[in-house]
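In what follows, a single structure is set out as structure tokens and then discussed.
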Amino acid sequence: MNSQLACFPYSVGHGSEGVCLLVHMGHHRILLDCGLENIAALAQAEEPPMDVILCSHAHSDHGRGLRQLHQVFPQIPIYASEVTTQLLPLNWLNSEEDLGITENFCTALPWRSPIEILSGLVIELFPAGHLPGAALISLTYNPPEPEQSLQLADLSQSLRPYTLFYTGDFFLSHTRLGSGLDLQAVRGLQPDALIIEGSYGTARYPHRRQQENRLIEQISRSLLQGKSILLPMPILGVGQEILMLLRSHHQFTGRRVDIWVDRFVAAGCDAYLEILPQLPVPIQNFARHQPLFWDDRVLPRVRRLTTDFPLNADPCILLVDRRSDWSKYYADNPEAWVVFVPDAADSADSKEFPPKLEVVDYLLAQHSDQQGTTQLIHNLRPQHIVFVHGSANNLTDLACLEELQSRYQLHCPKSGTFVELPVGEAFVQDNTISLQPNYEGELNELGTLVTITLPEAIAADPRWQKFADTGLIEARWQGEELVLKGLSPRELMQQNPSRTLASIPCCSNCVYERNQRCTNPQSPLHRFKVPPDGYCPAFAFNTDSV
């Protein structure tokens, strides 16, 4: 059994877990990320279990344990990209006093420059998209000269370099504040092993710009109804993306609305200003003409949230740290607020909401979907693929794709399971991957009705309860395949607002609505396409619709 290349996952990143992987390359032990909240499994050893630590990017599920780990093993070097070393300290902001934290214990590495960090171990970083500073990590191990007594067959094997590629989190699409992963830079590298995230599994999503336009429409609709928007989010990443989207999207340019940012998300914004020279050129050009975030002059205004925030002010947009108690903002008057929560595929958070509070799901993807994931895999062409960072179902769905099963050796390890990655040996698929069953059903066409009958066994899957929650499904064509999706109660309210709006002042009940357009010259929506639940001060009930 070849032990030159192996992986031991302390945590594979299921659900809200962080990612922490120990890789063995020859006699070196490399820790990839430390997103553990509790590092006891690493710290209890008398000797350090690793020789070097590498951090892919600054999100908490990849770096929150690094500070504590450094305190336990200060002699172990920690490497990351330059921007990541600047953003990492934001993971340890817990109070007002911590907002000035500047501790930095990581060594910065340049992009696309092979550097020997241990004897025979060479690292190279490639920009990964997803977050400023996020890196794809390429590791190459060059074995030492073999002993003279080795057989010729063993000699050629012992001299062979071993290469491993680790994606951390990656995104192929460009975002408002970052460039997507450049596939051309990594095409044809053919690593022996690829450790890749599978956050979205086999899901497929619309183009990034479509997602942004949809989010803008959702926010605009709620504001027109006279409601304020509450957006809970992490300190780094999507918060700054949404702020930049609101600042630069044509539907919000010059719009009279205030955007408030709490102190923790604001700390992330300030950190972005510090790394401005590392952001894309269009963003640097934007910042030359007007402030990137904080602006009292240009509409919409972006301001820091203070303790005396006027809860009864005009409709506004509020960005808050998702770890905080943000229910206090809508507690006194939930009907005046709309809470925007990420699509379930993009968030492991769950929270109970009061019945009078409107909750809207939105999608602003931060990771690559199935198409992006398989595209990166086929461009790299590894021998082994290890799927981590995603729900167990999502990772298994990826490992069951026929286009991957037939070309690569696939692994979906659980936390605490040692994975051997034998290089150059016969193709043997990992038999620990439990294939998802296929369910055979019947299709019947009865006049104007089509029924699909599936066996009862499908309901044994834990995902069935969510799929069948309302008893309603949505069907769409995806190429030659028909895709079925269960509709949640929240989606049902969003997609069919007219069912609940019969007595509410809104565009669907307005006398001036014609073919989804406003015909009232006195309305700010005049001649515009309007949503069914839209609203403006010039509303007048259409008695025929009541």
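The values are calculated or read from the model by the stated rules, or taken from the named source; none is laboratory data. For clarity, every value in this text was computed on a predicted model and none was experimentally measured. FYI the Cβ positions are ideal-geometry reconstructions off the backbone, even for glycines, and counts take in every protein chain you see. Side chains included, ligands, DNA and RNA excluded: accessible areas come from the protein's heavy atoms. Shrake-Rupley method; radii C 1.70, N 1.55, O 1.52, S 1.80 Å.
Of the conditions (1) closer than 30 Å to Gln516 by Cβ; (2) out of contact with any Asp or Glu (no Cβ under 9 Å at 6 or more places or on another chain), Leu279 clears all except one; give me its number.
Every listed condition holds for Leu279 apart from (1).
Being among the polar types (S, T, N, Q) and touching a helix residue (DSSP H, G or I) at 6+ places or on another chain (Cβ under 6 Å) is the filter; apply it to region 35-89 and report the residue that is farthest from Leu276 (Cα to Cα).
This residue is Ser60.
Against the conditions (1) modelled with pLDDT of 95 or more; (2) touching a Pro at 6+ places or on another chain (Cβ under 7 Å), where does Cys55 fall short? Just the number, please.
(2)
Starting from region 175-198, keep only residues that are closer than 27 Å to Cys412 by Cα, then list their pairs with residues that are open to solvent by 20 Å² or more (accessible area, probe 1.4 Å) and among the hydroxyl-bearing types (Ser, Thr, Tyr) whose Cβ atoms are within a distance under 7 Å, requiring at least 6 positions of separation or different chains.
From region 175-198, the pairs are Gly180/Ser173; Pro191/Thr163; Asp192/Thr163.
Considering only residues of region 320-334 that are modelled with pLDDT of 90 or more and charged (D, E, K, R), which is nearest to Leu357 (Cα to Cα)?
Arg322
Hey, does region 307-314 have a residue that's at pLDDT 90 or above and open to solvent by less than 30 Å² (accessible area, probe 1.4 Å)?
No, region 307-314 has no match at all.
Looking at the structure I just gave you, is Ser138 within 30 Å of the chain's Cα centre (by Cα), part of a loop (DSSP other than H, G, I, E, B) and at pLDDT 95 or above?
no
Would you mind listing the helices (runs of 4 or more DSSP H) fully within region 184-303 where at least 1 residues are of a type in the set (Lys, Arg) and buried (at least 16 other Cβ atoms within 10 Å of the Cβ)?
208-224, 238-248, 263-274
Looking only at region 464-477, count how many residues are modelled with pLDDT of 75 or more and open to solvent by 90 Å² or more (accessible area, probe 1.4 Å).
Residues flagged as modelled with pLDDT of 75 or more and open to solvent by 90 Å² or more (accessible area, probe 1.4 Å) within region 464-477 amount to 3.
Conditions first: (1) assigned to a loop (DSSP other than H, G, I, E, B); (2) at pLDDT below 90; (3) not hydroxyl-bearing (Ser, Thr, Tyr). Leu364 passes all but one, so which condition is the exception?
In the conditions (1) assigned to a loop (DSSP other than H, G, I, E, B); (2) at pLDDT below 90; (3) not hydroxyl-bearing (Ser, Thr, Tyr), Leu364 misses (2) alone.
Filter region 32-51 down to residues that are touching a residue at least 40 places away in the same chain (Cβ under 8 Å) and either on the phi < 0 side of the Ramachandran plot or surrounded by fewer than 24 Cβ atoms within 10 Å (Cβ to Cβ) (or both), then give me how many there are.
2
Gly13 fails exactly one of the following numbered conditions: (1) open to solvent by 50 Å² or more (accessible area, probe 1.4 Å); (2) in contact with a Gly (Cβ under 8 Å, 6 or more places away or on another chain); (3) at pLDDT below 90. What is the number of that condition?
The one condition Gly13 does not meet is (1).
Being open to solvent by less than 20 Å² (accessible area, probe 1.4 Å) and more than 12 Å from Thr202 (Cα to Cα) is the filter here; which residues of region 367-403 pass it?
Correct list: Leu376, Ile377, Leu380, Pro382, His384, Ile385, Val386, Phe387, Val388, His389.
Look through Leu54, Leu66, Leu93 and report the one residue that is over 30 Å from Gln184 (Cα atoms) and buried (at least 22 other Cβ atoms within 10 Å of the Cβ).
It is Leu66.
Residue check: is Leu454 modelled with pLDDT under 80 and more than 30 Å from Gln383 (Cα to Cα)?
Considered against the rule, which asks whether it is modelled with pLDDT under 80 and more than 30 Å from Gln383 (Cα to Cα), Leu454 comes out as no.
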